[in-house]
Amino acid sequence: MSGKKKYLLLVGILIIASFLRLYHITTTPPGLYQDEAMDGNNALENIHTGTMKVFYPEDNGREGLYVNIVTLFIKALGGLHEPWVIRFPAAIFGILTVLGIYFFGAELFGANVGLLSAFLLATNFWHINFSRIGFRAIMAPFFLVWALYFLIKGFRKLQNGAPFPRATALHILGGILFGLGMYTYIAYRVSPALILLVFVFYLLAARKGVQRKKIFHSAAHFVFFSIIVCIPLGYYFFSHPGSFFGRTSQISVSNSETPLKDLAENIVKTLAMFNVHGDWNWRHNVSGAPELFWPVGMLFIIGMMIGIQRIVRKKAPSANNGSRTKAHIHTFASDPASTDNTFGFWILFAWFFLAMLPVVISNEGIPHALRSILMIPPVIIFAALGGVTAYNLIKKYIRSSRLNPFAALFLLLFVAQAYISYFVVWAQNPNVAPAFNADYIEVGRELNALPASVPKYVVIEAGGVDVRRTPMPAQSTMFVTDIFLSIDWQAKNIHYVLPQDAGKIPVGAPTFYLK
């Protein structure tokens, strides 16, 4: 495939990805879920106070990068407090992840796998959905896929004789991106094990001491800049050790009466989410539907089978093999772009199972599409490997001139399915609006329509953790009315009260209920 054709296809894929993530972003999803609203309220507070934080303790604690990006975005739009403003950065991260998975997939397995990976991610409901919701988790796949790409690209340049500064520059950039990933989502904390695996492969693959020294020094730049970026967050956790685990300790499977049984069930449910039953939460998924469109699910299985076959046939390196170990590792690590190598498969399997770990050790809402979000890139690349393999097999029996039009039509089916699944089946389902507290946003708009001189009362009947003495569900209404700070309550004459205090509301005063 020519370079021009390859990049034209990539541009087309990015257009599809952008359309599916930005179309009707101002109205879909409807409403604004309280977790999203909490980020928006913290952002509005940042604008009022002129400060930003590395960690926001409300709502069980959140790493601060997404809130800080939303802060800058709201400020650039003149303080606009509409739901889509919180979600727009998520869409951008989603689109850039599609671009990143192309480069990462191509680096490991060649341009065809990279292009198909990007296309499958662009049209994947799982990723589209979270690219349109203001959850910080969408940034985790973005940072890890780009960090790994620059890390592996830098190592390959060293192995191919490129100047040391050029490879080091890639590792510095990768290290910065990897460090920023720590500010995204708690599940990202498993990723250092994956980075370590890449380091080990390339160090063992280096035959000469001089080359190994260069690899070690270049990798040290990656680690150093990652640590530098993480210092503010690390200092916060050192000062507030209880925030490090946050909600993880609350929902851990270790709290169960039968932890081993629950762990086994969680593993089965998580593995089944791709092709059998997915997340039941309407906010995360078409309730219960598999996370993968069924042809993609089949390709995913084929891709994993290919990976297992390659690894078993090549034999995993053993520490007992002495000099043979290095030779075996050199065979598959020195040229990761070759489809004959096993290096890429080791990385995909390691990523897949490491990303599954935070999911299965939790004991809430399994299968859980949001908590599994870091699994998306390896799942999609496995499916792309299955797709490219299937295409090459069919091409042996059908000429390309006849096969390609059918392949193009087949891929167009994926685009249509993505659009229908999200904008028709999911967005128009009556369960979606309540899942995003759409009625709370309507209350906020009605409050905004009333004069500031009129006292207005909001009775919070819905339960939830307290945020500065106000139940969490009120965050959605607070964001759209821009009254997170108590001083704003007074300025806009809006009063939040609990059910036990509803009897104190003056007779005839406009009263609204959050149920």
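The values are calculated or read from the model by the stated rules, or taken from the named source; none is laboratory data. Note that this is a predicted model, so its numbers are computed, not measured. Neighbour counts are summed over all protein chains in view; Cβ atoms, including those assigned to glycine, are modelled from backbone coordinates with ideal geometry. Each accessible area value is taken on the protein alone, full model and side chains, heavy atoms only, with ligands, DNA and RNA left out. Shrake-Rupley method; radii C 1.70, N 1.55, O 1.52, S 1.80 Å.
Data table
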| quantity | calculated |
| --- | --- |
| Of the trypsin sites (Lys or Arg not before Pro) in the stretch 399-475, those whose Cβ has at most 16 other Cβ within 10 Å and which sit in DSSP loop | Arg399, Arg468, Arg469 |
| Euclidean distance of C-alpha centroids, the stretch 1-18 and the stretch 483-515, integer Å | 53 |
| Cα-projected label distance for Gln490 with Phe423, points at 7 Å along beta-carbon direction, nm | 4.8 |
| Pair-distance profile P(r), taking every C-alpha pair of the stretch 78-191, with 10 angstrom steps and integer % | 15, 37, 33, 12, 3, 0 |
| Per residue solvent-accessible surface (Å²) - the chain, probe of 1.4 Å | 43 |
| Degrees separating the helix 209-239 axis from the principal Cα axis of the chain, which is the longest one | 10 |
| Chain lengthening between Ile311 and Ala350 when straightened (0.36 nm per residue, less Cα-Cα) | 12.8 nm |
| Residues Ile227 and Glu446, FRET efficiency given R0 of 60 Å [Cβ-Cβ distance, rounded to 0.05] | 0.75 |
| Percent carbon-and-sulfur accessible area, the chain, ignoring ligands, DNA and RNA, probe 1.4 Å | 66 |
| Angle between the chain longest axis and helix 343-360 axis [Cα atoms, degrees, rounded to 10] | 30 |
| Long pairs among Lys5/Lys396; Lys53/Lys75; Lys456/Lys515; Lys456/Lys492; Lys153/Lys214; Lys157/Lys213, criterion Cα-Cα beyond 19 Å | Lys5/Lys396 |
| 5 angstrom amide H check on Tyr513, placed H, neighbours 5+ away | Val459 |
| Relative contact order (%) - the chain, alpha-carbon pairs under 8 angstrom, separation at least six | 20 |
| Phe73-His24 pseudo-label distance in nm [points 7 Å out on the Cα-to-Cβ vector] | 2.0 |
| Lys, Arg +1 and Asp, Glu -1 on Cβ, resulting dipole of the chain about Cα centre, debye, nearest 20 | 2840 |
| Rg over Rh, two decimals, the stretch 1-141 (C-alpha only, Kirkwood Rh) | 1.05 |
| Backbone HN-Hα couplings from phi across the stretch 158-175 [Karplus 6.51/-1.76/1.60, Hz, Gly and Pro as x] | 5, 5, 8, x, 5, x, 4, x, 5, 5, 5, 4, 5, 6, 5, 4, x, x |
| The stretch 265-309: C-alpha gyration tensor shape, a/c 1.5 cut-off, then a/b vs b/c | oblate |
| Modelled label reach - Val11, point 7 Å along Cα→Cβ, the stretch 99-121 residues with backbone N closer than 11 Å | none |
| Interatomic Cα distance distribution for the chain, bins of 20 angstrom, percent | 21, 52, 23, 4, 0 |
| Helix 83-109 axis, angle to the chain major axis (alpha carbon atoms, nearest 10°) | 10 |
| Cβ-based charge dipole, the stretch 435-515, positive-most Cα from Leu498, Tyr513, Tyr440 | Leu498 |
